[in-house]
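Please find one structure pasted underneath; my questions will follow.
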Amino acid sequence: MSEKMTVIVFSDDLDRALAAFNLANTGASMGMEVTMFFTFWGLGVIKKERVARGDKSFMQWAMGLMKRGSARRLKMSQMNMLGFGTSTMKSMMKTYRMPSLQEGIALAKEQGVKFMACTTSMALMGLTRDDFIDEVDDVAGAATYLGIASEGKVNLFI
Amino acid sequence: MSEKMTVIVFSDDLDRALAAFNLANTGASMGMEVTMFFTFWGLGVIKKERVARGDKSFMQWAMGLMKRGSARRLKMSQMNMLGFGTSTMKSMMKTYRMPSLQEGIALAKEQGVKFMACTTSMALMGLTRDDFIDEVDDVAGAATYLGIASEGKVNLFI
Amino acid sequence: MSEKMTVIVFSDDLDRALAAFNLANTGASMGMEVTMFFTFWGLGVIKKERVARGDKSFMQWAMGLMKRGSARRLKMSQMNMLGFGTSTMKSMMKTYRMPSLQEGIALAKEQGVKFMACTTSMALMGLTRDDFIDEVDDVAGAATYLGIASEGKVNLFI
């Protein structure tokens, strides 16, 4: 049986999301069975660019507009000043041929990394399965995550 | 012997504290033996609302006033603008019947989750056992934490 | 064989770096085999105070000037206001005889903690081995880190 690894993606900072996918993709390329559990702000990483109003309350809807999320829109946690920041990072990544976040997501799916969205956070933010990109395998609670995590040794909260 | 799990609570952001208690409580409900180690800003989560001056230096005392802490007063790490933020989150949690941080703390104790306060951080901030809520089981150093962590596989730094 | 422990140092916040070294040094003093993997902003913790222009692009060079890094220059993640902040913390640490970050680094090396700098982040920021302090043992990718992490149970992302 192959080694298991889990990554909790709690943040929607671009830098932390990139680190999460870099670690997950490296683990998968080494034959590890990798699960990513997207929770709280981390749900923004796997949101579609356009989220429907659906049954969201006004608060949930308004919050969704302010925190648009989606892999393409995430911002760095630091250095958002003087023009050095998200766009600089993206252009430097291109120069040095590093995978963008979208490419990291695609690569993860190709390699069989499992994407789980946290049901508790979804309920809080009024998000449903349809608000996420197709790459998401499953919606599940913390118990499912912990069941998987307790079978492996590399369990990171990012 | 039941599976062990540890959570280092380093932050006093409301969102991170909620995530820590959600994971700890889920683990405990699955029969895991859960230890939470509160360190640095995380000590704010378990502080009483009123902390006595005691032997604190002026700096420690003044810092305590600025960082009042206590579960009831914590703030979100993001979105503290336009009124969407801590109070929005709290009212949404109420609407969706999610446990507040205080309820999370009570539930954790009910389920036997162990609370440890980090002695090094306490010394730095001039806090003593009496400055914490009764739910805290123990004050201990990083060695005690690592001894427990190395017996389990789910060890998260939040 | 002694227990293994890894710490990913992702952040260059002084408080998080201190927590990372406190945990790593405690683990080492208990006989654990500890590896610290410095990635992204965390590279700032192990940068020399003066980094040469070398082959850096203009963007990398300019970014380096804005994020000077080096253990001596790191700042707290919070409380950088009203004079309570980095300098207060440092003077309180001195009063309570806690090791500074530089002392934590020295102690870690004395105890055989291994320092690895992440090659992917280095490429992105245009940093080479020469830009880091001598204490760094190795430059390596995420695969090397994961190989070590999967042999231990205490694997923290800070």
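Report the residue count in region B:132-150 for those that are part of a loop (DSSP other than H, G, I, E, B), within 17 Å of residue B:24 (Cα to Cα) and in contact (Cβ under 8 Å) with a residue 60 or more places away in the chain.
2
Checking residue A:5 against (1) farther than 28 Å from residue C:60 by Cα; (2) at pLDDT below 85, only one condition comes out false. Which one?
(2)
Among the residues of region C:116-131, count how many are surrounded by fewer than 22 Cβ atoms within 10 Å (Cβ to Cβ), more than 9 Å from chain A (Cβ to nearest Cβ), in contact (Cβ under 8 Å) with a residue 60 or more places away in the chain and not in a loop (DSSP other than H, G, I, E, B).
2
In region C:103-135, which residue that is among the polar types (S, T, N, Q) and modelled with pLDDT under 95 is farthest from residue C:36 (Cα to Cα)?
For region C:103-135, the residue satisfying everything is C:128.
Ok, one more. Go through the residues of region B:23-33 one by one and say whether even a single one is in contact (Cβ under 8 Å) with a residue 40 or more places away in the chain, in contact with a helix residue (DSSP H, G or I) (Cβ under 8 Å, 6 or more places away or on another chain) and more than 11 Å from residue B:113 (Cβ to Cβ).
No, there is no match, as no residue in region B:23-33 is in contact (Cβ under 8 Å) with a residue 40 or more places away in the chain, in contact with a helix residue (DSSP H, G or I) (Cβ under 8 Å, 6 or more places away or on another chain) and more than 11 Å from residue B:113 (Cβ to Cβ).
Could you please find all residues in region B:1-36 being more than 23 Å from residue A:144 (Cα to Cα), outside any helix (DSSP H, G or I) and either within 14 Å of chain A (Cβ to nearest Cβ) or of a type in the set (Gly, Ala, Ser) (or both)?
Within region B:1-36, B:10, B:11, B:13 meet the criteria.
What's the total number of residues in region C:64-93 that are at pLDDT below 70 and hydrophobic (A, V, I, L, M, F, W, C)?
6
Something else: If you scan region B:126-158, which residues turn out to be in contact with a helix residue (DSSP H, G or I) (Cβ under 8 Å, 6 or more places away or on another chain) and of a type in the set (Val, Ile, Thr)?
Once the filter is applied, which keeps residues that are in contact with a helix residue (DSSP H, G or I) (Cβ under 8 Å, 6 or more places away or on another chain) and of a type in the set (Val, Ile, Thr), region B:126-158 yields B:128, B:133, B:136, B:139, B:154, B:158.
Let me ask you something else. Hey, could you check region A:49-61 for residues that are surrounded by 15 or more Cβ atoms within 10 Å (Cβ to Cβ) and in a helix (DSSP H, G or I) and say which is modelled with the highest pLDDT?
A:60
Give the residues of region C:19-34 that are crowded, with 24+ Cβ neighbours inside 10 Å and under 21 Å from residue C:74 (Cα atoms), sorted by residue number.
As a first pass, look at region C:19-34 and keep what is crowded, with 24+ Cβ neighbours inside 10 Å: C:19-21, C:23-24, C:27, C:34.
Once the filter is applied, which keeps residues that are crowded, with 24+ Cβ neighbours inside 10 Å and under 21 Å from residue C:74 (Cα atoms), region C:19-34 yields C:19, C:20, C:21, C:23, C:24.
The values are calculated or read from the model by the stated rules, or taken from the named source; none is laboratory data. Remember, predicted model here, so these are calculated numbers, not experimental data. Every residue, glycine among them, receives a Cβ derived from its backbone with ideal geometry; neighbour counts consider all protein chains shown.
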